[in-house]
Amino acid sequence: MNQKKMISLVNKIRETKPLIHNITNIVVANFTANGLLALGAKPVMASAPEEVNEITEISDALVLNLGTFNKVYLESMKIAGKAANNKGIPIVLDPVGVGASCFRTNSAQELLQYLHIQFIRGNAAEVANLIGHKWEIKGVETGNTDGDIVSLAILAAQKLKTTVIITGKNDIITDGNVVFQVQNGHPLLTKVTGAGCLLSAIVGAFAAVEKEPLEAAVSALVFYGVAAEMAAVKTAALGPGSFQIELINQLANLTGEQMDQYSLVLRREGDLSWVKQ
Amino acid sequence: MNQKKMISLVNKIRETKPLIHNITNIVVANFTANGLLALGAKPVMASAPEEVNEITEISDALVLNLGTFNKVYLESMKIAGKAANNKGIPIVLDPVGVGASCFRTNSAQELLQYLHIQFIRGNAAEVANLIGHKWEIKGVETGNTDGDIVSLAILAAQKLKTTVIITGKNDIITDGNVVFQVQNGHPLLTKVTGAGCLLSAIVGAFAAVEKEPLEAAVSALVFYGVAAEMAAVKTAALGPGSFQIELINQLANLTGEQMDQYSLVLRREGDLSWVKQ
Amino acid sequence: MNQKKMISLVNKIRETKPLIHNITNIVVANFTANGLLALGAKPVMASAPEEVNEITEISDALVLNLGTFNKVYLESMKIAGKAANNKGIPIVLDPVGVGASCFRTNSAQELLQYLHIQFIRGNAAEVANLIGHKWEIKGVETGNTDGDIVSLAILAAQKLKTTVIITGKNDIITDGNVVFQVQNGHPLLTKVTGAGCLLSAIVGAFAAVEKEPLEAAVSALVFYGVAAEMAAVKTAALGPGSFQIELINQLANLTGEQMDQYSLVLRREGDLSWVKQ
């Protein structure tokens, strides 16, 4: 991971203001849009099948979020996704709740077959269900990142030919070959609805300005994680309401230099040891 | 009302993290989810007819909110409600705006006929319209709780065979036989959109951990009312924006002991006098 | 512009609490409702074709927002709009993103042909696209308001027989004849999603209590702009999250007198000079 590049990506987002097309849900649409605006990107949330083709074509990244999914959204995601694939616009899939219903699992798998998706960002259970594994939630909350999660991420990335980001206590990012771990972040993120969804949108913003997927994904996770840490320093004693607002503030205020200073990125070597970047 | 039990319910929610399935509206979905997360419960907001059956089956309570209602939501609510009834999962109905349109009134009555609903939480006008009474809003804002509202609550509870919660300056809770009044709360709640909707969801969270409906409902109203009072102490001088955020903070921070200390619960006796609990 | 009237309109909203029917989108529905509540109006966001007729008929203004538009919303807007026209209830159209897709542009034009719309509130590009002009964004961010924007506003108002409000660095309000400029506001508004959408809803609230369109529109823009300035004084050093919350506080706290004190309204004279009101 090139540190100078990570810094430059933040500035590049703020200068070029990439347009991020989100087909997302009623729970997180507002928070996602405000988070993207704070970061310096521009959000658009159009979801009608009649227009998503044109909206995606003028966008710099497409984020597909299955939060409050239904048949119309599925249709729109396929149309928008095809437009993105045709124009070479990166797609991020957030498989919210996959595994909780057949409709959701089948729809996600249908999207993965129909589209070329560059990034998947979910928790371990969601990613496992995407590739047909039943996943017992375990290890996610422990101090060390469970080796099972790394194996799962690699397997999913290889099987789905995409960059997989599994978030939890520590975050794993892999293209199926190289594996990074990001240790930034804060437990209060689990107390804010849509914190993961906003992260997926921010991966889209970084992917809009950086073609190398691992660089884009790791940078997005470090940036978001450090912003959450900063917000927690200011608001952990107050509560999750204040944290949520301060997170938006930090997304606007955090510089690439601060992000670099506090980044906690490890890379897995050939002998399976983790080396600090 | 057993005070020790009230305290224990808060702890039980925080330990067991019940999953609350909300079929709700675009206005309050985010605020409801954040309020439930702050309290310690887990929200899920799936609404597609294709999947609500499975989502409800893994949930601990179902909350049906008519805010931005339409035909698809009606279908989903019937499917989810049947799944809840079959599994013995408690249902809370929030009849937002019933009386404002025939479609809304008829749909609510259809749900009440089709499903066995354990709790209804609304204002006096909404509850009156549910049972076909035209209700002139009066007395709700006066210092003493109008006897009409108590009569209305009892009548509705008996007619609909459910626990009725009518919120206003003071809140009335009845199963058609025993009547409680909760005097906690704060007028700033009327300045936050979805404050009532969130309360309905919190009733669901308490019902998820307590089978006795009056215990669950009264505890939920006291908890929410005291949290609002605490939030108002800190933010009333600032405004409703700050109050909204602080309410989320307080839902996370308030302990069962504090809730008990500030609770203002009355029970109506056989001679129609109110006795402090 | 009558200053005493401007002051009186704020008080009139707070006393009469007009009901504002918003057919709007998943991104801004919550923020819009909270903003209207803070101001002193009452929001209702019903959108189902089955009921919007009845909801509009009991409302004092109707606000049509194309944010996350689709075919069902188009149908609802036509039904609600006809009800408003029949009852003489003012309509505000917010043509969010018009020009970004054919569906959106065609739908907006269909609404304008089908309904008598009293106010259009958008940015220069959106208003230009409404009347079939391709608009290159330029001048909007410069210190002086570009003459092109004034010409565009006048042309649109004349062509569409409505009051046009183009917002940007400075805001232009015209009925096609008289032209006002409001210089209140703050750049942080561009960092909050739905800041423009909320303004459109607030124009609806002022139109609900004032029949003269220019009085209503200019008052709404001054009120909102001064509230934003006040909020920025308190929160600009913190970030857009805090600003968003403080804006809601200020909408509740700002008095008509303060609004008058800080108002920056210019009127264009016959010689095209601007005279401070």
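Some points to look at:
- Fewest-first ordering of C:ARG121, A:ARG268, B:ARG104 by other beta carbons within 10 Å of each residue's beta carbon gives A:ARG268, B:ARG104, C:ARG121.
- Eligible aspartates and glutamates near A:LYS4 by straight Cα distance, threshold 15 Å, same-chain separation 8 or greater: A:GLU210, A:GLU212, A:GLU215, A:GLU257, A:ASP260
- Charge tally around B:GLN181: other residues with Cβ under 11 Å, Lys/Arg +1 each, Asp/Glu -1 each, net +3.
- For chain B, a Gaussian network of Cα nodes joined below 10 Å ranks B:VAL209, B:VAL178, B:VAL218 by mean-square fluctuation, and the top entry is B:VAL178.
- Listed residues A:GLU212, A:GLU246, A:GLU257, most fluctuating in chain A (Gaussian network, C-alpha, under 10 Å): A:GLU212
- Principal axis dimensions, the protein assembly as shown - Cα atoms, whole angstrom, descending: 79, 76, 42
- Inter-chain shielding of B:30-38 (mean C-beta neighbours from other protein chains, 10 Å cut-off): 6
- Straight-distance crosslink candidates among lysines, where the alpha carbon sits under 16 Å from A:LYS5 and sequence neighbours closer than 8 are dropped: A:LYS211
- Put a dot 7 Å past the Cα of C:LEU264, heading toward its Cβ, do the same for C:VAL72, and the two dots end up 4.4 nm apart.
- With its label point put 7 Å out from Cα toward Cβ, A:PRO187 sits 4.0, 4.0 nm from the same residue's point in the other copies, in order from shortest.
- Highest average first, the peptides B:85-93, B:105-113, C:51-59 ordered by how many other beta carbon atoms sit within 10 Å of their residues are C:51-59, B:85-93, B:105-113.
- Pairwise label distance in nanometres, A:HIS116 with A:LYS87, each label 7 Å out on the Cα-Cβ vector: 1.6 nm
- Fewest-first sequence of C:LYS191, B:LYS5 by Cβ atoms within 10 Å of each Cβ: B:LYS5, C:LYS191
- Taking every DSSP bridge with both residues inside the protein assembly as shown, close to 45 percent are antiparallel.
- Shape class for the range B:1-152: oblate, because the ratio a/c of the largest to smallest gyration tensor axis (alpha-carbon atoms, square roots of eigenvalues) is 1.5 or more and b/c is at least a/b.
- Fraction of beta bridges assigned by DSSP in the range C:3-268 that are antiparallel (%, nearest 5): 35 percent
- Distance between the pseudo-spin-label points of B:GLU15 and B:VAL233 (7 Å out from Cα toward the beta carbon): 2.7 nm.
- Value of Rg to Rh for the range C:20-91 (Rh from inverse mean 1/r over Cα pairs, i.e. Kirkwood): 0.94
- Mean partner shielding of peptide B:20-29, defined as the number of other chain Cβ atoms within 10 Å of each residue Cβ, is 6.
- The coefficient of translational diffusion for chain C, derived via Stokes-Einstein from the alpha carbon Kirkwood radius under 4 °C and 1.567 mPa s, stands at 71 µm²/s.
- Listed from fewest to most Cβ neighbours within 10 Å, the set B:HIS21, B:HIS133, A:HIS186 follows the order B:HIS133, A:HIS186, B:HIS21.
- Here C:LYS5 yields copy-to-copy label distances, from shortest upward, of 6.2, 6.2 nm, the label point defined as 7 Å from Cα along Cα to C-beta.
- Take A:GLU75, push a point 7 Å out from Cα through the beta-carbon direction, and compare it with the same point in every other copy: 1.2, 1.2 nm, smallest first.
- Within the same chain, lysines fewer than 8 places from B:LYS159 are excluded, and of the rest, those with a Cα less than 20 Å from its Cα are B:LYS134.
- Near B:GLN250, once Lys and Arg are set to +1 and Asp and Glu to -1 for all other residues with Cβ below 11 Å from its Cβ, the sum equals -1.
- Take each residue in B:121-134, count the other chain C-beta atoms within 10 Å of its C-beta, and the mean is 0.
Rule-based calculations on the coordinates, nothing more; no lab input. Computed from a predicted model, the values in this text were never measured in an experiment. Neighbour counts run over all protein chains shown; Cβ positions are idealised from the backbone, glycine included.
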